[in-house]
Amino acid sequence: MTVQKVSRISILPFGLVNAHIVSTSSGCILVDTGLPGSEGKIGKALSALGLTFKDIKLIIVTHAHVDHAGGAALMRELSGAPILAHAGDAKYFRREAAMTFCTTGWFGRLFIKTNLMLEPYVGFEPDILLNGNDALDLKPYGVEGIVRHTPGHTAGSISILLASNEALVGDLIASGILLGGLIMTNKAKRPPFEDDALTVAAELRGMVGTGMTKFFMGHGGPLDASEVARHADRLAAGAMSDKNILDVSANACSCPRISNDGLRLDHRQANYGCASAEGN
């Protein structure tokens, strides 16, 4: 097996916002690109590994939120590497449609008011667009593993499953406090926003079931499989409880819908995750 290493890039301090590099002897892939203006921090992390932008073979964007996709267009320009993403979030990468943010608790409701999630970024067309349940083998890019669709946080969220039994899951899960990171980073929590808690739980359980033992994420982490499994079980139980007590017609949450120019619109999006209480 090729020796490969997962390295965290601190886009914001203390694990608040992370990107990651998966490096091998033949180069690396970049997983997420941070907020706009993060290229200096990514370049510094590459340099610490003896790499440059030109050593990036592939840029994987796990979903369309600004703290993950914000630097993608510039990173492609600097590295020449293709961008891989999923069609479920394509209209947001292209800046063609407004995003929705279903909050998971009080912090999410407060955080959306800071406007950080509304920060504009340069739109882009992914070079490689996964559709449906597509999976892509990463061997052509020097990494032993696959990238596949893992919806729930957003419709187009994707994860990387490495042959070393390590998974990079974007925002399917977080750890720590508030946004994530800071302290208690060995304790799983929901991210501030989540489209569908039941789907997230199913995806996390599935990855644990396939033998993933270590999980890297966009906020906080990493976590071991037992903690991820515990979180998935509690998430599923909470979501099912909400589903059972709500009338079918009321299975919707109030989600701020944010247009590309920052205009906030009223929106209702059906899913149980928004209705469930923050329970971690």
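The values are calculated or read from the model by the stated rules, or taken from the named source; none is laboratory data. Bear in mind the structure is a predicted one, so any value in this text is a computation, not a measurement. Backbone-built Cβ (ideal geometry, glycine too); neighbour counts: all protein chains shown. Side chains are part of the model used for accessible areas, which takes the heavy atoms of the whole protein and leaves out ligands, DNA and RNA. Shrake-Rupley method; radii C 1.70, N 1.55, O 1.52, S 1.80 Å.
Run through the DSSP bridge list for the stretch 32-162 and note the antiparallel percent, rounded to the nearest 5.
In the stretch 32-162, approximately 60 percent of DSSP beta bridges are antiparallel ones.
Carbon and sulfur: what percent of the stretch 1-135's accessible surface (1.4 Å probe)?
55
In whole Hz, with x marking every Gly and Pro, tabulate ³J(HN,Hα) for the stretch 188-195 from phi via Karplus 6.51 cos²θ - 1.76 cosθ + 1.60, θ = phi - 60°.
6, 8, 6, x, x, 10, 7, 6
Rounded to whole Hz and in sequence order, give me ³J(HN,Hα) for the stretch 155-164 from the Karplus expression 6.51 cos²θ - 1.76 cosθ + 1.60, θ = phi - 60°, writing x for Gly and Pro.
Taking θ as phi minus 60°, the curve returns 5, x, 5, 10, 9, 10, 10, 8, 5, 7 Hz for the stretch 155-164.
Using a 1.4 angstrom probe, figure out how much accessible area the chain has per residue, in square angstrom, rounded to the nearest whole.
Result: 40 Å² per residue.
Cα-based count: Lys pairs in the chain below 21 Å, eight or more positions apart or different chains?
17
What are the membrane-span-like helices in the chain by this rule: whole DSSP H runs, Cα extent along the axis at least 20 Å, mean Kyte-Doolittle hydropathy at least -0.5?
Numbers: long enough: 225-245 (30 Å, -0.33).
Passing helices, by number: 225-245.
Amide H to amide H, which residues 5 or more places from C102 or on other chains are under 5 Å from it, using H placed in the peptide plane?
Hits under the 5 Å cutoff: E194.
Just in the stretch 35-96: which GluC sites (Glu not before Pro) are loop by DSSP and have at most 16 other Cβ atoms within 10 Å? Don't skip to the end; give the middle numbers.
Values: sites: E39, E77, E96; in loops: E96.
Counting only loop positions with at most 16 other Cβ atoms within 10 Å, the GluC sites (Glu not before Pro) in the stretch 35-96 are E96.
³J(HN,Hα) across the stretch 213-222 via Karplus (A = 6.51, B = -1.76, C = 1.60, θ = phi - 60°), whole Hz, x for Gly/Pro?
Listing the rounded values in order: 10, 9, 10, 9, 9, x, 9, x, x, x Hz.
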